[in-house]
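Undergrad: Right, I'll just put the structure down here and ask away after.
A short reminder: the numbers here are calculations on the coordinates, not readings from a lab. In this text the structure is predicted, and so the values were computed from the model without any measurement. Cβ placement follows ideal geometry from the backbone for every residue including glycine, while neighbour counts extend to all protein chains displayed.
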Amino acid sequence: MTLLPYGGGRRWLERGVEDLLDLVETDLNDRHARILAATRDGIPFHDAAGARKVMAEWGWPRAWLDFETVAPAIPRWVGTRPFQQIPFQFSLHLEQRGGRMTHHEFLSCDGSDPRRACAEALVSNIPEGATIIAYNAAFERSVLRELAASFPDLSSRLETMAEATVDLLPVARNHWYHRDQRGSWSIKAVLPTIAAELDYGALEVKDGGDAQAAWFEAADPACDPLRREALEEALKAYCARDTWAMVAVARALVGS
């Protein structure tokens with residue numbers, strides 16, 4: 001029953017039902033019924049037409065964006081708060097109508113306040129009018145709005161970016177489910193069911209926690225320059241994988 005998300009299995013456990021396969025679809029809401037069917041039958045749920053309808057409303061160019069941040073308990077830089085999410089890195093796959101794709105990135109590991117340089121890189125690399133696509137987009141919107149609040153001269157562009165940010169997560173949640181996701185629609189749960197070749201396992205930095213640890217090590221003045229360079233390359237590989245993963249998931253969702 002733990003496969004049903006948002007505590008959905010709890011009420012069944014309270015009734016003494018411990019195995020999802022003891023239920024039938026009519027016992028469940030639509031999303032949980034899809035999980036049951038895919039788990040029982042091994043056939044993924046895929047509503048390509050529904051995904052196409054949602055994404056057809058997204059404009060061009062499309063900026064597939066992912067931030068990596070640190071949130072120190074003790075502020076490291078003037079003007080920051082305890083536990084504030086400070087972006088030290090982003091990856092951006094910029095897609096034009098017709099499919100032409102370019103990759104842009106920002107990374108600061110020298111220990112200085114990265115926010116201004118990050119904000120300027122966003123303004124430089126994301127064209128006005130672009131639709132920004134993120135996975136669990138509330139996070140990217142919050143980072144953009146924090147940057148806008150910090151730099152009034154860039155605030156208009158950054159606020160516009162936040163408003164133009166759309167979320168791939170609910171598209172995946174509403175239009176795809178594979179039993180190997182085991183009740184999760186995180187990008188790392190969905191990706192292996194769609195593009196197994198984009199496995200994170202071979203990367204030195206495999207998740208957000210690894211990225212934060214790598215940044216703290218690289219930003220330490222005592223870090224050996226060769227080690228810092230290796231960490232920077234590992235961070236770039238990880239963040240680029242995140243944005244390319246979104247592209248791969250989106251293409252699979254629409255059936256292209």
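Undergrad: Could you give the size of the charge dipole of the chain about its Cα centre, using +1 on the Cβ of each K and R and -1 on the Cβ of each D and E, expressed in debye and rounded to the nearest 20?
TA: So the magnitude is around 600 debye.
Undergrad: Can you tell me how much longer the chain between residue 237 and residue 149 gets when fully stretched, taken as 0.36 nm per residue apart minus their C-alpha distance, in nm with one decimal?
TA: Numbers: separation 88, 0.36 × 88 = 31.68 nm, distance 2.96 nm.
The span from residue 237 to residue 149 would gain 28.7 nm if fully extended.
Undergrad: Using only C-alpha atoms and all pairs of different ones, pull out the Kirkwood radius for the chain in Å with one decimal. Walk me through the numbers before you get to the answer.
TA: Working: mean 1/r = 0.0503 Å⁻¹.
One decimal place: 19.9 Å for the Kirkwood radius.
Undergrad: Then there's this: Work out the FRET efficiency for residue 220 and residue 256 from their Cβ-Cβ distance, taking R0 = 51 Å, and round it to the nearest 0.05. Each step should come with its number before you reach the end.
TA: On the way: r = 44 Å, r/R0 = 0.87.
After rounding, the FRET efficiency stands at 0.70.
Undergrad: OK, next. Return the long-range amide H neighbours of residue 133 (sequence gap of 5 or more, or a different chain), with a cut-off of under 5 Å between placed amide H atoms.
TA: 63, 64, 65, 166
Undergrad: Same structure, new question: What value, in deg cm²/dmol to 500, does the helix sum -39500 (n - 2.57) over DSSP H runs of n ≥ 4 give at 222 nm once divided by the residues of the chain? Write out the running numbers ahead of the final one.
TA: Values: 10 runs with 115 residues, N = 256.
That calculation yields -14000 deg cm²/dmol at 222 nm.
Undergrad: For residue 184 and residue 71 in one chain, what is 0.36 nm times their gap in residues minus the Cα-Cα distance, to one decimal in nm? Don't skip to the answer; put the middle values down first.
TA: Details: separation 113, 0.36 × 113 = 40.68 nm, distance 2.52 nm.
Contour length minus the Cα-Cα distance gives 38.2 nm.
Undergrad: Lys/Arg Cβ at +1, Asp/Glu Cβ at -1, dipole of the chain taken about the Cα centre: which of 33, 221, 69 is farthest positive-ward?
TA: 33
Undergrad: Let me spell out the model: positive unit charges on the Cβ of Lys and Arg, negative unit charges on the Cβ of Asp and Glu, origin at the Cα centre of segment 120-188. What dipole size does that give, in debye rounded to 20? Don't skip to the end; give the middle numbers.
TA: Working: 7 positive and 9 negative charges, 106 e Å.
So the magnitude is around 520 debye.
Undergrad: Could you order the peptides 131-137, 234-240, 97-103, 37-43 from most to least packed, using the average number of other C-beta atoms within 10 Å per residue? Before the final figure, lay out the partial values.
TA: On the way: 131-137: 21.3, 234-240: 19.7, 97-103: 10.0, 37-43: 14.4.
Packing order, densest peptide first, comes out as 131-137, 234-240, 37-43, 97-103.
Undergrad: Taking 30 Å as R0, compute the FRET efficiency from the Cβ-Cβ separation of residue 136 and residue 159 and round it to 0.05.
TA: E(calc), rounded to 0.05, equals 0.90.
Undergrad: OK, next. Across 5 Å bins from the origin, how do the percents of Cα pairs in segment 128-224 run, short distances first?
TA: 2, 11, 14, 15, 16, 16, 14, 8, 3, 0
Undergrad: Nothing charged except the Cβ atoms of Lys and Arg (+1) and of Asp and Glu (-1): what's the magnitude of the dipole of segment 182-256 about its Cα centre? Round to the nearest 20 debye. It would help to have the intermediate numbers written out before the result.
TA: Details: 8 positive and 12 negative charges, 90 e Å.
Here the size comes out at about 440 debye.
Undergrad: Could I ask something else about it? Which length gain, in nm to one decimal place, applies between residue 229 and residue 198 when the Cα-Cα distance is subtracted from 0.36 nm times their residue separation?
TA: Working: separation 31, 0.36 × 31 = 11.16 nm, distance 2.34 nm.
Result: 8.8 nm gained on full extension.
Undergrad: A further question follows. Charges on Cβ only, +1 for Lys and Arg, -1 for Asp and Glu, centred on the Cα centroid of the chain; of 119, 247, 86, which one is farthest towards the dipole's positive end?
TA: 247
Undergrad: How large is ³J(HN,Hα), in whole Hz, for each residue of segment 202-207 in order, when computed from phi with the Karplus curve 6.51 cos²θ - 1.76 cosθ + 1.60 and θ = phi - 60°, using x for Gly and Pro?
TA: Computed from phi, the couplings for segment 202-207 are 7, 7, 5, 9, 10, 7 Hz.
Undergrad: If the cut-off is 16 Å between C-alpha atoms, which lysines fall inside it for residue 206, apart from same-chain ones fewer than 8 positions away?
TA: Candidates past the 8-residue exclusion: 188, 236.
Undergrad: Between residue 58 and residue 83, what's the calculated FRET efficiency when r is the beta-carbon distance and R0 is 35 Å? Round to 0.05. Working shown, then result.
TA: On the way: r = 32 Å, r/R0 = 0.92.
After rounding, the FRET efficiency stands at 0.60.
Undergrad: Using Cα centres only, tell me the gap between segment 88-141 and segment 155-234 in whole Å.
TA: 13
Undergrad: Name the longest site-free stretch of the chain, where the excluded sites are GluC sites (Glu not before Pro) in a DSSP loop with no more than 13 other beta-carbon atoms within 10 Å.
TA: Values: sites that count: 18, 57, 128, 204.
With GluC sites (Glu not before Pro) excluded where exposed in loops, the chain gives 129-203 as its longest stretch.
Undergrad: Can I ask one more? Please compute the modelled spin-label separation between residue 206 and residue 96, points set 7 Å along Cα→Cβ, answer in nm with one decimal.
TA: Once both label points are built, they end up 3.9 nm from each other.
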